[in-house]
Each structure stands twice: as structure tokens, then as C-alpha cells.
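**Q** Before I ask anything, let me first share the structure, which is written out below as C-alpha cells.
What follows draws every value from the coordinates through simple rules; no lab data is involved. Being a predicted model, the structure only gives us computed values, none of them experimental. So basically every Cβ, Gly included, is an ideal-geometry build from the backbone, and we count neighbours across all protein chains shown.
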């Protein structure tokens with residue numbers, strides 16, 4: 001009778017059975033047992049019908065029955081009273097629930113004593129109500145105390161101890177302390193797997209918690225791996241057609257959605273929803289969750305009407321089952337708001353988000369992560385509705401809450417970065433609101449706080465660690481942590497086994513926490529170390545001190561296709577403006593970069609999809625109806641210049657040098673190659689009138705200037721280490737030598753040109769989950785020889801006549817050789833480093849981007865790829881690193897950080913400035929460019945001046961008409977600072 005369609009009829013029969021229980025007192029025990037059992041079944045029946053009010057009524061009757069038979073404070077009655085308290089919370093009576101649970105605890109304590117299991121369980125039960133009331137700190141304190149007691153009484157791996165520790169981890173996550181929660185969840189999972197087995201329900205629950213916490217930290221690759229493991233183990237334990245297996249599919253769909261694997265996510269969520277509806281009922285909480293997740297995926301697949309239908313139905317079902325302020329109902333309403341926003345109804349979305357935000361504030365408080373995320377949605381809807389200013393009263397609270405999340409102890413740099421990425425757009429919208437209100441200075445301060453945060457922190461910490469201010473023992477402790485983390489990273493790179501990766505991730509998290517504990521202690525004991533490790537927070541007053549008189553600092557800030565620009569010079573803030581909106585800005589920039597750099601792949605074209613919107617797409621498949629193929633970069637360049645440079649033309653015209661802090665997709669745009677001024681023969685490139693340098697933020701500029709000043713006080717360093725012409729094939733083609741004569745052949749190899757396995761590896765590397773397979777393909781790749789790099793190194797060596805120049809060519813241009821130099825401390829003794837080699841770019845997985853060194857005769861565990869993940873393990877004290885390889889200036893653009901990959905990694909390693917490339921560079925023309933550039937450096941020109949002059953020479957035809965094209969000179973960009981005021985040639 002108890003199939004889903006017959007719950008109501010079953011309820012009627014159970015009520016009849018209850019009425020039939022005798023009440024004549026002849027068999028008190030039999031009557032009690034029968035009545036208690038039927039009431040239990042009635043409560044379960046009400047739960048199956050999602051009638052929380054009826055369920056509470058039946059449990060109330062059960063409490064009364066047990067109280068009459070046993071007494072109100074006897075253990076059997078107390079157990080049902082606790083069940084009643086749990087149900088009270090579901091109907092909004094959490095305060096009553098907590099009061100009764102506190103009374104239950106007092107009675108149990110008096111009856112059993114402070115160390116009895118029942119006493120500790122009674123205290124543990126109180127934490128559920130405390131959490132539902134938003135009193136997470138109190139819940140945490142209780143869970144920490146009872147878990148410590150349980151461990152002392154019964155051991156660290158006792159199931160009850162682990163249950164209480166799990167409560168600690170849950171409370172930590174509710175407080176936004178994700179790093180601590182992750183560490184504890186991983187420990188609990190490891191212990192449960194050993195004690196209970198890998199497929200035990202509690203073990204799987206812990207692994208699920210690990211996956212969720214990784215997701216909260218935006219560590220999506222690890223999150224997906226954990227949920228895939230949960231699904232596989234659940235199916236192994238209960239079979240494929242089981243509610244638990246379907247629920248695991250929902251979790252996996254959610255994780256896949258977060259990384260944009262929408263096709264897979266849709267299939268998982270739809271299968272989960274259909275199976276749960278069949279097995280558990282259409283209105284079961286797990287069914288509604290799967291339904292809501294499916295709706296959110298439809299939204300991302302641009303099917304807003306279907307998403308709105310699904311999410312509205314899910315919300316209606318939630319509200320039938322729960323109260324308006326129940327967390328599940330609030331999240332369902334948030335999904336409805338997102339569907340409205342995606343469908344273009346910003347006003348309806350704003351109403352839903354306002355209701356959700358107010359509910360979240362009541363339930364969780366202002367600083368809870370979920371409250372902050374829905375406030376972010378609220379601001380986004382207000383921006384779309386044209387009422388962003390109305391939300392200004394919430395913006396300071398938003399920033400305060402996010403800063404508290406970032407500051408939690410024990411977060412790794414990656415976790416801090418990915419956590420901030422979720423919230424940083426709120427800073428940008430607040431800055432936009434301030435710009436519109438004429439509050440330029442406060443808007444610029446927000447722009448600074450939204451850029452390169454983790455890079456600043458990591459660079460400052462590394463600088464402090466290598467400053468020599470720590471006592472020897474403390475320095476050894478720091479070095480030990482860094483060495484262990486580097487080894488774990490290498491082990492992670494080398495393994496593809498899920499269990500091994502999971503164990504290594506847990507080990508890494510523990511080491512990160514231990515490292516954080518160590519550095520926190522060192523900061524407390526060594527004030528000078530603490531000062532060095534604190535990242536600078538730049539102000540406009542700092543800009544006046546740091547900027548040369550001829551330099552204009554331009555900081556761009558991007559949010560939702562809206563761009564702000566802040567123009568600052570040595571006199572202060574000159575402009576703070578909102579630039580004209582440009583829909584599809586990132587796609588248009590990508591189209592321009594590929595056209596101007598001859599960087600379109602085979603079978604690709606640039607399409608004009610709207611008057612001011614361009615997109616790269618397949619040659620034989622226009623992306624939209626009416627799209628027009630474009631082969632000339634000039635119209636796109638004029639469009640970008642009109643939007644990004646012309647509104648600042650007066651200020652730019654008063655200065656000779658530009659120091660640009662890009663944001664978002666602007667980090668991949670070669671501003672030098674934008675047309676800026678009309679002159680004889682037409683438009684002139686910006687590089688013909690201005691030197692252009694890039695830096696992540698004004699704060700980063702200050703840190704780099706501080707670093708540069710420190711390096712000038714070092715003992716005399718060697719002038720240059722030049723690395724080139726690695727051996728990429730065991731048997732070199734005939735005629736390839738260490739030094740080769742080259743001409744102007746446009747068919748010379750491209751540094752990083754991807755063929756066969758390289759192409760496959762790059763495609764795989766677009767997904768975090770395929771990193772290991774990509775690395776395997778790269779290790780088998782067949783890279784072209786680069787004979788022009790031998791000439792380049794020889795020419796540069798001849799140009800640098802001041803100071804010692806060392807070269808690594810052929811087999812010596814290897815990762816093992818560079819590691820040896822680093823281990824002996826010799827790599828840190830060069831002012832400049834030049835790498836004339838292949839480069840590999842992984843746009844989606846920055847850690848995989850690499851310089852490719854010799855692939856022949858490498859020792860075991862050395863693959864010849866110096867990846868972005870490995871560079872921070874090297875110690876550099878260089879003023880300049882030149883990566884004369886392909887696309888070394890590109891990488892994943894991370895909100896709140898900028899371009900990840902090699903640029904980021906070199907700063908952390910200790911470098912000050914870097915010349916990198918924005919597209920694949922020609923082997924032979926690059927040799928000419930580098931020779932000319934280093935000749936100017938040898939004459940004593942500042943790096944930015946020398947690079948600007950070299951570009952100008954190429955652009956104006958000094959190296960021949962052919963090399964005037966931007967494809968040959970515009971890819972080279974300089975990240976770092978600017979030299980003193982100088983006349984540009």
C-alpha cells in the first residue's frame with residue numbers, strides 16, 4: 001500500500017489501525033508497543049507525503065504515548081523528543097526545538113554523566129538547531145568540545161568520534177572556513193574508509209563532503225574527481241537504479257556545470273531527475289534538487305524559457321513542502337531569478353533576488369557565503385535593470401564579507417584565488433556605481449582591491465622568505481615546507497590514479513595548512529619579516545611617488561561588457577570614466593589579435609556578427625545568420641581604439657609612455673598595435689608615438705619597484721643567461737647545427753606551432769580534468785627544431801658586451817641543467833635570462849603552460865617542460881626574463897588576478913620584468929628582433945624604452961618593408977615597471 005501513488009490511502013488505513021488499538025489497560029505493554037509503532041508509521045507516511053505539519057502532529061502524539069508509559073525524561077521518550085525537535089525546525093520552530101534539545105541534554109547529563117555516549121549525542125543534536133538558527137559559531141564550539149572528548153574517551157577512529165568531527169567540519173563550512181573544513185573532511189574520509197570500508201554510507205557521505213568543499217573553494221577539477229568517485233562507489237554498493245546513485249548523479253551534474261561541461265551535466269541531471277521521480281516521487285527533496293540543477297544547466301545552455309519553467313515548478317513544489325525562508329526554498333527562488341535574468345527580464349529577476357537576499361540575511365546573516373552570492377546576483381540584476389545605484393547600501397557589507405572569507409587561515413594561494421574569483425565582480429560593480437556617482441578615487445581603490453590579489457600576496461611572501469631576515473632554523477623550516485609542496489605538485493603531475501591523486505590532494509592541503517601555521521608564527525615573532533610579507537595596498541599618493549613625469553598609468557576595469565578606465569600620472573587622478581559599452585568585447589579582442597598576428601587556425605575565419613561585434617569561428621559555418629567574413633584587421637582595430645583609447649586621448653597625448661593595467665580579455669590585447677593617430681599615409685600605430693608597458697596593478701608596480709631596488713644592492717650579477725636551440729629530436733635533420741645562418745624566409749618554424757600530439761594536448765588541456773592525459777601526450781610530442789634560435793643566442797651574446805654572458809645550447813639547453821643551476825644558487829646570479837625555445841600554452845589549465853627545453857636524453861622524472869606550476873620552485877633575482885617563445889604572454893584570464901600561467905609564475909619565482917609573446921612568433925624574424933632589442937639594452941636604455949624603440953624601428957621599416965607588419969613586432973609585450981623619465985627615440 002505504500003507506493004508513492006497510494007500514500008494517502010495508506011495513511012487512512014494506518015489511522016484506522018490506530019483507532020483499533022485497544023485502550024482497556026489489560027495489556028499495557030502490548031497496547032503501548034502497537035500504538036507507538038502505528039504512530040511511527042503515520043509519521044513516516046506524512047514525511048513521504050511531505051506534510052511536515054502532519055508529521056509533527058504524529059510525533060507529538062508519539063511523545064505523549066511514551067511520556068505516559070515511561071515518563072517524560074526517560075531515555076526512550078527523550079529520543080522521540082529529539083526527533084520532534086528536528087521536525088519543529090522544518091516548520092519554523094527552531095527556537096522551540098533548541099529549547100527542548102537543551103532540556104534533553106540537561107536530563108541526559110544528570111542521568112548518564114558528562115562522558116556517556118548519550119550525553120555527547122544530546123549535545124551534538126543541539127548543533128542542528130543552532131545551525132538552522134544561524135548560530136554557527138556556537139554550533140562549532142560545541143562540536144569541537146564533544147569531538148575532543150570523544151577522541152579522548154574512544155579514540156580518533158571511533159565512528160561516534162568521526163560523527164562529531166564531521167559536525168565540526170560542517171560548522172566550519174557554514175562559517176565560510178572552507179580550508180579548515182576541507183582538511184577535516186579529508187581526514188574523516190580517510191579514517192572512515194579504513195574503519196568502515198570505502199563503500200560504507202558514512203564513508204561515501206564524507207567523500208561527498210570533500211567534493212562539495214572543493215566546489216566551495218572553486219577547485220573544480222578536484223571536486224569533479226571526488227563526485228565521480230562517489231558515483232562509482234555508490235553504484236558498486238547499491239546498483240545503478242537506486243535513489244542514492246541518482247543523488248550522486250545530481251552532485252556530479254552540479255560539479256560539471258561549474259566548469260562549463262554542460263552537455264555532460266545536462267545528461268547527468270536529466271537522468272537523475274527522471275530516476276528520482278520514478279523511485280522516490282516527484283516532490284521528494286532529492287527529486288526537486290535534481291530538477292533545480294537541471295533547470296540551472298538549461299539556463300547555461302541558453303534555453304531560458306525551459307529553464308524558467310523548470311525552476312518555477314521546482315520553487316512551487318518547495319514552497320508546498322517548506323516555509324518561504326527554508327534554505328532550499330531560498331535557493332530555488334534564486335534559480336528562478338537567474339532564469340528571469342538570462343531570459344532578459346531584469347526587473348522580475350531583481351524582485352526574486354531581493355526576496356532571496358532578505359531571506360538569506362534572516363536565516364544565515366549578512367556575511368554568509370550564500371548571502372553574499374545572492375547579493376552579487378541582486379547587484380547584477382540591478383545593473384541590467386538600470387538601478388545599480390539603488391544597491392549601494394549593500395556594497396560595503398558585501399566587500400567586508402568577502403574580505404573575511406579571503407582572510408581565513410589555511411587557504412592555499414590557489415584556493416584563495418579561486419574563492420575570490422566567485423565574488424570579485426561585486427567589487428567591479430561597486431566601482432562602476434562609484435564612477436557613475438563621480439567618486440573616482442574610491443572607485444580606483446576598489447579597482448586595486450579587485451586586481452592581482454593572490455599574485456601580490458604570493459610574491460610578497462616569497463620575497464620575505466628569500467630576504468635573509470629569518471634565523472637559520474626558521475629559514476630551514478620555510479624551505480622545508482616549500483620543498484615538500486613542490487614535491488607533492490610533481491607527484492600530482494605524474495599520477496593519473498584517482499585514489500592516489502585524492503591522497504596527494506589531502507596531503508597537499510595538510511602541508512598548506514602547516515605552512516600557513518609556520519608563516520603566521522614567523523610574522524608574530526619577526527616584525528621585519530611580517531612587514532616584507534605584507535602585500536602593499538597602493539593609493540593615489542603612491543602613484544604620485546612611483547610614476548615618472550612622462551608616464552600615464554591607465555587601469556582598466558571590466559564588468560559585464562562595461563569598461564571603466566582610470567588615468568593617473570605623477571600629479572594624481574586625471575580621469576575616472578565609464579567607456580562606451582561594447583557587447584562581445586572578449587570575442588572582438590580575440591578576433592583582432594588573431595587577425596593582426598596571423599594566428600587563425602586552419603579552417604577558421606573572423607566573422608562580423610553585429611556592427612561592433614566580431615567572432616572567430618569555422619570557415620564553413622557562419623556563427624549567426626547574416627554574419628560577414630572579415631579578413632582585414634583595420635576596422636576592428638579602429639573600433640577597439642575608439643572605445644579604449646580615444647576617450648583618453650587628451651591625457652595620452654600629454655605623455656610619452658603608457659603603463660597599462662589591463663583587466664579581463666584586455667590582458668590579451670596588444671595595445672601597441674591599435675591605430676591611434678592619423679598621419680601621412682594613414683593611421684599610425686600607438687607604438688609609433690608611445691612606449692607601452694603592462695603591469696597587473698598599481699600595487700604590483702610598487703612591489704616590483706621595491707624588488708628592483710633590493711636587486712640593485714646585490715653583489716655584481718652576471719649579465720645574461722641565454723638558452724636556445726634545444727635538441728627536440730634524437731636525430732636532428734641534416735643541416736641543423738647549433739649556429740645556423742638564416743635569411744628572411746617567412747616559412748621559418750613557429751616557436752610553439754602545434755602539430756599532431758601538441759594540438760591534441762592543447763585541446764585536452766582546455767579541460768582541467770584532462771591534464772594528466774595532456775601531459776602524457778606532450779611527453780611524446782614531436783617538436784620542430786628551431787635553428788634560428790642558435791643564431792639569435794649568438795647575436796644577443798655579441799650584442800651584450802658589458803658583463804658575463806653564459807649560454808646553454810643544444811643538449812645543454814635542458815631542464816636538468818637549469819635545475820642544477822638553481823640548486824647551486826647560480827640561476828639567481830643573472831640580471832637577465834633569455835629563453836629562445838618552444839612554448840606550450842594551456843589556456844584553461846595555467847599550470848600546464850610551459851617552456852619546452854631539450855627532449856633528448858633527459859634523466860628519469862625530467863620531461864623537459866618547465867611549467868608554470870614548477871617555476872615558483874626556482875629562485876630568480878633577475879631584472880628581466882625574455883621568453884622568446886610562442887604565446888608565453890597568454891594564459892587563462894582569471895577574474896581578480898589577470899593572466900595566469902607563465903607571467904604569474906615568474907613573478908612568484910623572483911623575476912621583476914618579463915618580455916612575453918601574444919601569438920606564435922616566426923623563428924627568423926624573432927632572431928632579428930631580439931638582436932636589436934639587446935643591442936639597445938647594452939647601450940644602457942631602460943627595458944621599456946629599448947623595447948618601444950625596437951618596435952618602432954620595425955614598424956617604420958628600418959628592418960625592411962616586410963617586417964613592418966605587426967605580426968612580426970607586436971606580439972612582444974613587457975610586463976613590469978618603467979624606467980626613469982627618458983626621451984623615446
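**Q** Could the peptides 719-729, 74-84, 601-611 be put in order, highest first, of the mean number of other beta-carbon atoms found within 10 Å of their residues?
**A** Highest mean packing first, the order is 719-729, 74-84, 601-611.
**Q** Sorted from largest down, what three extents in whole angstroms do the Cα atoms of region 473-590 have along their principal axes?
**A** Per principal axis, max minus min of the Cα coordinates gives 51, 42, 21 Å.
**Q** Which percent of Cα pairs goes in each bin when the distances of region 329-403 are cut into 10 angstrom slices starting at zero?
**A** Histogramming region 329-403 at 10 Å steps yields 23, 55, 22, 0 percent.
**Q** Still on this model: By how many nm would the segment from residue 706 to residue 638 grow when fully extended, if each residue of separation counts as 0.36 nm and the alpha-carbon distance is taken off? Could the numbers behind the result be given before it?
**A** On the way: separation 68, 0.36 × 68 = 24.48 nm, distance 3.77 nm.
Residue separation times 0.36 nm, minus the Cα-Cα distance, leaves 20.7 nm.
**Q** Right, next: Set the Förster distance to 45 Å, then compute FRET efficiency between residue 619 and residue 472 from the Cβ-Cβ distance, nearest 0.05.
**A** 0.10
**Q** Order by neighbour count: 399, 826, 831, fewest other Cβ atoms within 10 Å first, most last.
**A** Details: 399 18, 826 13, 831 21.
By the 10 Å Cβ count, ascending, the order reads 826, 399, 831.
**Q** Another question, then. If you count the DSSP beta bridges with both ends in the chain, what percent of them are antiparallel, to the nearest 5?
**A** Numbers: 39 of 68 bridges.
Of those bridges, close to 55 percent are antiparallel.
**Q** I would also like to ask the following. According to a simple spin-label model (label point 7 Å from Cα along Cα-to-Cβ), what is the distance in nm between residue 441 and residue 409?
**A** So the two model labels end up 3.6 nm from each other.
**Q** Another one. Give the order of 539, 206, 296 when sorted by the count of other beta carbons within 10 angstrom, beginning with the fewest. Kindly include the intermediate steps, with their values, before the conclusion.
**A** Numbers: 539 16, 206 27, 296 23.
Placing the least packed residue first, the sequence is 539, 296, 206.
**Q** Relative to the longest principal axis of the chain, what angle (0 to 90°, nearest 10) does the C-alpha long axis of helix 453-465 take?
**A** 70 degrees
**Q** Given region 540-694, what whole percent of its Cα pairs are spread farther than 25 Å?
**A** Values: 3893 of 11935 pairs.
For region 540-694, the share of Cα pairs beyond 25 Å comes to 33 percent.
**Q** Given region 454-533, report the % of alpha carbon pairs whose separation exceeds 16 Å. Walk me through the numbers on the way to the answer.
**A** Values: 1731 of 3160 pairs.
Here the tail beyond 16 Å accounts for 55 percent of pairs.
**Q** Calculate, in nm to one decimal, what residue 240 and residue 583 gain on full extension: separation in residues at 0.36 nm each, minus their alpha carbon distance.
**A** My answer for the length gained is 119.0 nm.
**Q** So how do 905-916, 442-453, 10-21, 642-653 stack up, highest first, on mean other-Cβ count within 10 Å?
**A** On the way: 905-916: 25.1, 442-453: 23.3, 10-21: 14.7, 642-653: 16.9.
Output ranking for 905-916, 442-453, 10-21, 642-653: 905-916, 442-453, 642-653, 10-21.
**Q** If you don't mind, there's one more thing I want to ask. Could you compute Rg(Cα) / (2.2 N^0.38 Å) for region 248-297, with N its residue count? Mind showing how you got there, number by number?
**A** Numbers: Rg = 9.8 Å, N = 50, 2.2 N^0.38 = 9.7 Å.
For region 248-297, the normalised Cα radius of gyration comes out at 1.01.
**Q** Given N residues in region 60-201, what is Rg(Cα) / (2.2 N^0.38 Å)? List each step's numbers first, then the result.
**A** Values: Rg = 15.9 Å, N = 142, 2.2 N^0.38 = 14.5 Å.
The reported ratio for this selection is 1.10.
**Q** Dividing the convex hull volume of the alpha carbon atoms of the chain by its residue count, what do you get in Å³ per residue? Intermediate results must be reported in sequence, preceding the final value.
**A** Working: hull volume 173.2 nm³, N = 985.
Expressed per residue, the convex hull around the Cα atoms of the chain is 176 Å³.
**Q** From the helices alone, meaning DSSP H stretches of at least four residues, give me the mean residue ellipticity at 222 nm for the chain, per-run term -39500 (n - 2.57), in deg cm²/dmol to the nearest 500.
**A** Details: 38 runs with 564 residues, N = 985.
Rounded to the nearest 500, it is -18500 deg cm²/dmol.
**Q** Take peptides 959-967, 866-874, 372-380, 432-440 and line them up by average Cβ neighbours within 10 Å, highest first, as a rough protection proxy.
**A** Values: 959-967: 16.1, 866-874: 22.0, 372-380: 24.1, 432-440: 17.8.
Going from most to least packed, we get 372-380, 866-874, 432-440, 959-967.
**Q** Could you pull the Cα extents of region 551-634 along its three principal axes, largest to smallest, in whole Å?
**A** Principal-axis extents of the Cα atoms in region 551-634, largest first: 53, 24, 18 Å.
**Q** Something else about it: I'd like the orientation of helix 787-799 relative to the chain: the angle between its Cα long axis and the longest Cα principal axis, in ° from 0 to 90, rounded to 10.
**A** 60 degrees
**Q** Please find the FRET efficiency linking residue 117 to residue 267, where r is the Cβ-Cβ separation and R0 is fixed at 51 Å, and quote it to the nearest 0.05. Each step should come with its number before you reach the end.
**A** Numbers: r = 45 Å, r/R0 = 0.88.
FRET efficiency, residue 117 to residue 267: 0.70.
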